[in-house]
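Step one of this worksheet: look at the structure below.
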Amino acid sequence: MAIMKDRIVLITGATRGLGFAIAENFTQGGARVALNYAHDDVIAKNAKERLSAQGNVELFKADALSEDGVESLVTSVRDKWGEIDTVVLNATPIQYEKTIDAYTEADFESMFRAFVMSPHYLTRAVVPEMKIRQFGRIIHVTSEVFHCGSSPFSAYVAAKGGQIGYMRSTAMELAPHGITVNSVAPGWIPVERHTSVSESVKNSYLENVPVGRWGSPKEVAEAVRFFAEKHSGFLTGQTLSVNGGRTLL
């Protein structure tokens, strides 16, 4: 499974949930994996210990949602290993659940900062060197919410729509340079942060999953790695929905 040997992969929000599963997949594939996180040092240290037993990983603490944080992050990874050839944009803040009249301007600004501006900062930082080498993989972790029009999450859904639009436009711009840009759009995949969600809410969602079961973080990770592989170079500007068929409804 050393298909990722000699690759340098930066994953934002990589020490828990889907980010950890994605990091584990790349690590097992032989890549050098930069584990970005912003806050919890204990969880980050534990993630590194678990993954170090499987391959070559390093922690990089930085706010991947800010311009300064991204510049610091990319510089630190380069100083450690060299140029980044694969970026997985996974970092996410808490998503607001509010009715239309309850949203504030600050709510919308925070969502667009996380899902439009942060991907832009990271893309802008890594693309010049990718162009020189005529190779790069940029993978956005988006969400089914844009395709499903989920509510009451209008700020989150709007920002995810913006992220998908940014992904598609940059894919077109970067295609002549051997750089592909794609997205993986998971459905609700239960991870650590969902432990407090009631069984009734979970059951209500599961009733609308055509395959009749929950997806796993590993399945999302496999989709992300698929877009990163060299033989996926003819795929760009695409969104792969990993949600058990919910976007068919």
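Consider Ile94 against the criteria (1) in a helix (DSSP H, G or I); (2) of a type in the set (A, V, I, L, M, F, W, C); (3) open to solvent by 70 Å² or more (accessible area, probe 1.4 Å): it satisfies all of them except one. Which criterion is unmet?
(1)
Looking at Glu144, Glu71, which one is charged (D, E, K, R) and more than 20 Å from Gly17 (Cβ to Cβ)?
Glu71
Going residue by residue through the range 115-135, is there one that turns out to be over 14 Å from Pro93 (Cα atoms), hydrophobic (A, V, I, L, M, F, W, C), surrounded by fewer than 20 Cβ atoms within 10 Å (Cβ to Cβ) and at pLDDT below 95?
Within the range 115-135, not a single residue is over 14 Å from Pro93 (Cα atoms), hydrophobic (A, V, I, L, M, F, W, C), surrounded by fewer than 20 Cβ atoms within 10 Å (Cβ to Cβ) and at pLDDT below 95.
If you scan the range 1-48, which residues turn out to be assigned to a helix (DSSP H, G or I), surrounded by fewer than 22 Cβ atoms within 10 Å (Cβ to Cβ) and free of Cβ contacts under 8 Å to residues at least 60 places away in the same chain?
Ala2, Gln28, Asp41, Val42, Ile43, Ala44, Lys45, Asn46, Lys48
How many of the residues in the range 218-229 are in contact with a strand residue (DSSP E or B) (Cβ under 7 Å, 6 or more places away or on another chain) and either open to solvent by 40 Å² or more (accessible area, probe 1.4 Å) or free of Cβ contacts under 8 Å to residues at least 60 places away in the same chain (or both)?
Residues flagged as in contact with a strand residue (DSSP E or B) (Cβ under 7 Å, 6 or more places away or on another chain) and either open to solvent by 40 Å² or more (accessible area, probe 1.4 Å) or free of Cβ contacts under 8 Å to residues at least 60 places away in the same chain (or both) within the range 218-229 amount to 2.
Sort through Ser232, Ser183 and tell me the only one that's under 18 Å from Leu89 (Cβ atoms), buried (at least 21 other Cβ atoms within 10 Å of the Cβ) and polar (S, T, N, Q).
Answer to the check: Ser183.
Identify, please: which residue in the range 214-237 is farther than 12 Å from Pro186 by Cβ and among the hydrophobic types (A, V, I, L, M, F, W, C) and is, among those, farthest from the chain's Cα centre (by Cα)?
Taking the candidates together, the pick is Phe234.
Can you name the residue in the range 160-213 that is outside any helix (DSSP H, G or I) and among the hydroxyl-bearing types (Ser, Thr, Tyr) and is also nearest to the chain's Cα centre (by Cα) among such residues?
My answer is Ser183.
The values are calculated or read from the model by the stated rules, or taken from the named source; none is laboratory data. Because the structure is a prediction, the values reported are computed rather than measured. When we count neighbours, we look across all protein chains shown, and the Cβ atoms used for this are built from the backbone with ideal geometry, even at glycine. Keep in mind that these areas ignore ligands, DNA and RNA; they rest on the heavy atoms of the full protein, side chains included. Shrake-Rupley method; radii C 1.70, N 1.55, O 1.52, S 1.80 Å.
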